[in-house]
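The block underneath contains the structure these notes are about, expressed in structure tokens.
The values are calculated or read from the model by the stated rules, or taken from the named source; none is laboratory data. Since we're looking at a predicted model, the values are computed, not measured. Backbone-built Cβ (ideal geometry, glycine too); neighbour counts: all protein chains shown.
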Amino acid sequence: MKQRIHISEVEGKQSVCFDTGLEPRSFARTKMSQSLIESGYIVHSDGSHEVWKAAGVNEIDGHMTVWGPVFTGERLDLLIDNLDNANQTQEQFDEAQQTALEAVVFWIRAKMLLGDTHSASNPGAAFIHSDENKNSVFFSPPNLSNRCLLVEGKELDRYNCPDLTGIEAAAFCAGVMLYKILIKTLPYQQDAVIFQDMREGVFLPPHLAVPSLNSELCGAIHSALLLPVEKKRTGKSGTDIISSFLKIFMTGENRIVPVSSLFKELSSEENEHVIKEKKFYLFRQNNSVKIRRFALRNKYPLIGTVIGLLFITFIVTTTSNSMTRRPTTAGMDPDTVVTAYYEAFSSLDHMFMEVCINGADKSDINAAVNLYAVYKTRQAYEASTRSAVIPARVWLSTGGELPAPDVFGVTDLTVVFKAGSEKENMVMYQADYLLWAPDMSYPIKRSDVLTLKRDKKKNWRITEILRTES
């Protein structure tokens, strides 16, 4: 793959070139000419820095190429990618690993020296120059370099979280680069959900990935990778994390420690403990991620399901409470049930009358329901809380004058035991009474023979009513 950011000769002198991959018309249409005023920075090991500005733009091989003052160095991302070379020996890998680590440390130190000054975070936008006496880091213009890396086919999102800025963005990027160099893999494995993984902290912690790695370093890398995760932050700021990295990697003589010094031997017991911890962590994390993302993907169907379940629960609870409050004949003797039945008839308590009946004729209940409906309708139309029906017993006690259009109920009730026994779970009673109804000038004389039996709950209920009236 052709490198779109490279050093080449322009107008007779060595220059840093940025091949935008755009032909002149597209270059103008996309307003890439604004990149000519974008600044880069060169930071030196003594703490000083200088501003880099593009010198011009030329059409080279059909593409518009922005160029500026030369900086001799190696691209940081390529130094890290060199670790993936499968054809190198162990000695070559160790050398590449040390070189990549030193380059990242120079990059971290340069970021620290720049402070709040905005500079490119992507490793592909940084060049590292190092010799025995000094080192320098070139942060190329961010937008211009990102355009070139995109054309080059580089993944711009492997090392940077879009939610972070400033020194926190630098600390996070440093954490990802160090994870790659020392653990030999990227913390985020799935490119399709890489930003989601970053925001949720979905990665294998360094101390579980490589247990032999320096514990203080593992903690600093872990803190860096948790910066985008608001609920899991360790409390360390970006500046704290950057300072920790420099403290770990830099010696008193201002030299960078060898990679081998960052690892220690573990006992077999420690290894076994870490293996178990790693398995448990991965199991818990995978399940948590699957459940959380399933819930996010199916948010609205799940909300509908929850609402449905709540509605069903409400109906079941309401029905259960209603059943609990429903009248019953539990604990009542047979003769008490008979008397209560006629009392309920007089007060139009059709709900209790329903409870008393188990298979017997329901004409009394229907009469009570119809009269109750008429009574309620009159109350609504007359906007009155006055009772529309006067109980017959009350009417008689106050003189019982006729005509009586609003009188209803049973009077002169006598209940006589006829046959059966409670042991046989069947008894018979005869009930004689007068029934007064509205707009009648005389009562109806009734004689009912009632049969009562126990139901499944052992409660006495009326199973038959044989009636004669005159």
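Would the stretch 9-20 turn up any residue that is under 19 Å from Ala125 (Cβ atoms) and polar (S, T, N, Q)? Step through it out loud before you land on a result.
Taking the stretch 9-20 and keeping what is under 19 Å from Ala125 (Cβ atoms), we get 15-20.
Remaining after also requiring polar (S, T, N, Q): 15, 20.
For the stretch 9-20, residues under 19 Å from Ala125 (Cβ atoms) and polar (S, T, N, Q): present.
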Would you be able to tell me the number of residues in the stretch 148-161 that are in contact (Cβ under 8 Å) with a residue 24 or more places away in the chain and closer than 21 Å to Gln34 by Cβ?
-> 5
Filtering the stretch 413-431 down to residues that are surrounded by fewer than 14 Cβ atoms within 10 Å (Cβ to Cβ) and assigned to a strand (DSSP E or B), which residue is nearest to the chain's Cα centre (by Cα)?
-> Ser421
Expected output for the stretch 107-122 (first residue closer than 17 Å to Phe245 by Cβ, partner among the small types (Gly, Ala, Ser) and buried (at least 17 other Cβ atoms within 10 Å of the Cβ), Cβ below 6 Å, 6+ apart or cross-chain) is Trp107/Ala126; Ile108/Ala174; Lys111/Ala170; Ser121/Ala169
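Looking for whichever is β-branched (Val, Ile, Thr) and touching a helix residue (DSSP H, G or I) at 6+ places or on another chain (Cβ under 7 Å) here; the options are Thr185, Thr239. Which one fits? Explain how you work it out, then say what you get.
Numbers: Thr185 fails: touching a helix residue (DSSP H, G or I) at 6+ places or on another chain (Cβ under 7 Å).
None of the other options fit; the residue is Thr239.
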Is at least one residue of the stretch 359-376 within 26 Å of Asp335 (Cα to Cα) and among the basic types (Lys, Arg)?
-> yes
Filter the stretch 280-302 down to residues that are over 19 Å from Asp197 (Cβ atoms) and modelled with pLDDT under 75 and give me whichever is surrounded by the fewest Cβ atoms within 10 Å (Cβ to Cβ).
-> Tyr300
Hey, does the stretch 137-147 have a residue that's free of Cβ contacts under 8 Å to residues at least 40 places away in the same chain and under 20 Å from His49 (Cβ atoms)?
-> no
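Looking only at residues in the stretch 432-447 that are in contact with a Leu (Cβ under 7 Å, 6 or more places away or on another chain) and surrounded by 13 or more Cβ atoms within 10 Å (Cβ to Cβ), which one is farthest from Gly359 (Cα to Cα)? First the steps, then the outcome.
Going residue by residue through the stretch 432-447, those that are in contact with a Leu (Cβ under 7 Å, 6 or more places away or on another chain) are 433, 441, 443-446.
Narrowing the set further to residues that are surrounded by 13 or more Cβ atoms within 10 Å (Cβ to Cβ) leaves 433, 443, 445-446.
Working: Tyr433: 22, Pro443: 27, Lys445: 24, Arg446: 20 Å.
Once the filter is applied, the top-ranked residue is Pro443.
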Residues of the stretch 334-352 classified as under 18 Å from Lys458 (Cα atoms), surrounded by fewer than 21 Cβ atoms within 10 Å (Cβ to Cβ) and not hydrophobic (A, V, I, L, M, F, W, C), total | 2
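Using the structure shown, decide if Ala404 is buried (at least 16 other Cβ atoms within 10 Å of the Cβ) and assigned by TED's automatic domain parsing to the domain that holds Ala360. Reasoning before the result, please.
Working: buried (at least 16 other Cβ atoms within 10 Å of the Cβ): yes; assigned by TED's automatic domain parsing to the domain that holds Ala360: yes.
Judged against the criteria, Ala404 is a match.
Can we say Leu266 is under 17 Å from Ala209 (Cα atoms) and either modelled with pLDDT under 75 or not in a helix (DSSP H, G or I) (or both)?
Against the criterion (under 17 Å from Ala209 (Cα atoms) and either modelled with pLDDT under 75 or not in a helix (DSSP H, G or I) (or both)), Leu266 qualifies.
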Within the stretch 425-455, residues at pLDDT 90 or above and of a type in the set (Asp, Glu) come out as Asp432, Asp448, Asp455
